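Some notes on the structure that comes next.
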Amino acid sequence: MSSQYISRVVETVKKRYPGEAEFHQAVTEVLESLSPVIEKNKEIEQAGILERITEPERQIIFRVPWIDDAGKVQVNRGMRIQFNSALGPYKGGIRLHPSVNTSIIKFLGFEQIFKNSLTGLMMGGGKGGSDFDPKGKSDNEVMRFCQSFMAELYRHIDADTDVPAGDIGTGAREIGYMFGQYKRLKNIYHGILTGKGLLYGGSLVRTEATGYGCVYFCQEMLKDRSSGFDKKNVVISGSGNVAIYAAEKAMSLGAKVIAMSDSGGYIHDADGIKLDLVKKLKEVERKRISEYAKEVKSAKYTEGCSGIWTIPCDIALPSATQNELDEAGAKTLVKNGCTAVAEGANMPSTPEAVKVFLDAKIAYGPGKAANAGGVATSGLEMSQNSQRLSWSFDEVDAKLHRIMENIHETAKNAAKEYNTPGNLVNGANIAGFLKVAKVMIAHGVI
Ligand code: NDP
């Protein structure tokens, strides 16, 4: 029975990796939706695909010593989980945040396998990071950390092996320092990271890609309900890379973004968020979102993050971090008339919250589909690097838009084929998984 096979694999993962709650959550969520696929394709169990796909191909954990501005040695833990290379070089970001541990990086790496598969580009899944916190550090401290991090990581990555990217805490500055150190150590100018600066191999639209892509995906869900962004009120959690560009695209489609947040709290501006000010505060000055309310009279700042979901809205785009939207938040959103949720962040909704959205039959786009625009554009950056060419903004944006339409269509069709029409969680998991499983079978037992 497929369900017994799935339970057995989930139990093995829990036993092998005790205490890794986020990883267990991601594995359970994906595997539980695969039951009809495993029932229909008996060779999956025979070939041990679930056992293999839940065990990373390689896990690298290393010490990252660096010297702070006071001359004291600091030590962080670095890691890179090379999860699955069936479809191409490992691809996934580097997260720099004090909460980083093996559970979080493994959950992200696991999700990345299916997300990358959905993009239709040839990319395997991986993720990396460190418990280093760039917040409050000087540029020199960040540089010394990034150089030390790459002094170990460079042995394990290459343009055709593993190509990391940015994630929480890893923006253009960090990517630049890491790229410089790799080049120095290897004496080679390869596209070994994506999210690079435009002057040295970066792609136009990469900065905007995840946020724009999330809105494009949401637009497709809304189209199916004869709706769109025009004149809709939108709540977006976070005020980082994903959130800012999701807001920009939503506004350009006629929506009003009325709330944003950071890890300290959220701002509610019923007149519509002034995005230029948010960009200045977060991208340039690296300040707190609370500063916004000091400068804008119509805005109110509230400490704590979860209250953002109590603000009535038509569309919610959770774009901060994992498990930021729980059952109570989901119920409040639905009760207040929210009709669409598209996840800019990875796994921002708890399993209980996802159930609320699915039961209420509102449009719900899970992160691995809705936020795949970032990695898709990273894939386009790799293509440009291989060609030693740069495409125009409009060219990359048009490709991104098409990829997001395709991901939506693919997930929608898979959901229908496996008898859960409209359930894009099942659809995205099934479509992403099937392609990887077929290739793993083709590659033999490795
Ligand atoms: P950034 O570091 O640019 O921004 C993260 C935002 O989330 C900040 O506003 C931050 O607030 C807030 N935040 C971080 N931790 C918490 C927390 N524990 N509680 C509440 N808010 C928090 O990251 P990104 O925008 O790049 O990433 C956001 C999400 O999107 C992540 O889940 C990431 O994995 C996912 N993602 C990102 C992609 C990309 O291309 N960047 C691609 C696909 C997914 P503060 O400033 O206070 O830290």
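The values are calculated or read from the model by the stated rules, or taken from the named source; none is laboratory data. Everything numeric here is computed off the predicted structure, so don't read it as measured data. Glycine also receives a Cβ, built like all others from the backbone with ideal geometry; neighbour counts cover every protein chain displayed. Areas reflect the complete protein model, heavy atoms only, side chains present, ligands, DNA and RNA absent. Shrake-Rupley method; radii C 1.70, N 1.55, O 1.52, S 1.80 Å.
Assorted remarks:
- Looking at the stretch 281-348, the accessible area is 45 square angstrom per residue; that uses a 1.4 Å probe and ignores ligands, DNA and RNA.
- All lysines inside 20 Å of K135 as judged from Cα atoms, apart from same-chain residues fewer than 8 positions distant: K72, K279, K280, K282, K287
- Among the listed pairs K294/K335; K361/K412; K186/K438, those whose Cα-Cα separation exceeds 25 Å are K294/K335; K186/K438.
- Charge sum, other residues only, whose C-beta stays under 14 Å from K115's C-beta, Lys/Arg counted +1 and Asp/Glu -1: 0
- Long-range tail of P(r) for the stretch 217-295 (Cα pairs > 18 Å, %): 37
- Positive minus negative residues near K256 (Lys, Arg vs Asp, Glu; Cβ under 11 Å): -2
- Note on D224 and I446: their simple-model spin labels are 3.5 nm apart, each label 7 Å out from Cα toward Cβ.
- Relative protection proxy for 12-18, 411-417, from highest mean packing down: 411-417, 12-18 (other beta-carbon atoms within 10 angstrom).
- Surface/4 estimate of mean projected area, convex hull on alpha-carbon atoms of the stretch 57-145, nm²: 6.0
- Straight-line cross-link reach from K14 at under 17 Å between alpha-carbon atoms covers these lysines, not counting any fewer than eight positions away in the same chain: K106.
- Accessible area of the stretch 1-133 divided out per residue, in Å², using a probe of 1.4 angstrom: 39
- Computed extension gain for M122 through I188, at 0.36 nm per residue and net of the alpha carbon distance, reaches 21.4 nm.
- Helical content alone sets the calculated 222 nm signal of the chain at -14500 deg cm²/dmol, taking -39,500 (n - 2.57) per DSSP H segment of four or more residues and averaging over every residue.
- Selection of trypsin sites (Lys or Arg not before Pro), the stretch 169-238, meeting DSSP coil and at most 15 other Cβ within 10 Å: R225, K231
- Whole-percent carbon and sulfur share, accessible surface of the chain, 1.4 Å: 51
- Counting Lys and Arg as +1 and Asp and Glu as -1 over every other residue whose Cβ lies under 9 Å from the Cβ of S138, the net charge comes to -3.
- Spatial offset of the stretch 1-28 relative to the stretch 172-193 amounts to 37 Å, using the alpha carbon center of each.
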